[in-house]
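Asks: This is the structure I have questions about; it appears just below.
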Amino acid sequence: MKPITLAALIFAAFPVMAQVTVKDPWVRATVSAQKATGAFMQITSAQDARLIEASSPVAGVVEVHEMTMEKDVMKMRAVKALDLPAGKTVELKPGGYHVMLMDLKQQMKEGDTVPVTLVVEGKDKKRSTIEVKALVKPLTAAGKPEASHKH
């Protein structure tokens, strides 16, 4: 019976981070000399977790940012972590939370795909990485999913 008990304990330890899903990831296109852009998506976690880090090979610096308006002034700042409450979709969108890609190594051209790695930490402090392929949308994109986009 001991092997069965051990197996049950091993399987019980794994399901937590497998339940984070990312929907509609996209990156705003850039003009040739532009050195920064944003990545946007919807993240849902089955259990309380936090987005603590992001990276991408197309950028020298990647940070999770919050954008707010204070007296008609747009302010942006990096956040150490973004809470992902259990069962609730957290939308990273223009004008709100987003992943900032800075020190870009190349122009983000409409139709390209950008790899982004997200690091999520559960309540138990265990970390999990999620590989995302974000579609580059036009400079004018406002964050609304395209009707023809299928999952």
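Asks: Take segment 49-75 and flag every residue that is among the charged types (D, E, K, R) and either free of Cβ contacts under 8 Å to residues at least 40 places away in the same chain or in contact with a Pro (Cβ under 6 Å, 6 or more places away or on another chain) (or both).
Replies: Hits for segment 49-75 are Glu63, Glu66, Glu70, Lys71, Asp72, Lys75.
Asks: Which of the residues that make up segment 102-114 are out of contact with any Lys or Arg (no Cβ under 7 Å at 6 or more places or on another chain), under 10 Å from Pro57 (Cα atoms) and either surrounded by 14 or more Cβ atoms within 10 Å (Cβ to Cβ) or of a type in the set (Phe, Trp, Tyr) (or both)?
Replies: Scanning segment 102-114 gives a single hit, Val114.
Every number in this text was worked out from the coordinates using simple rules, so none of it is lab data. As the structure is a prediction and not an experimental result, all values here were calculated from the model. Here the Cβ is made from the backbone with ideal geometry for all residues, glycine too, and neighbour counts use every protein chain on show.
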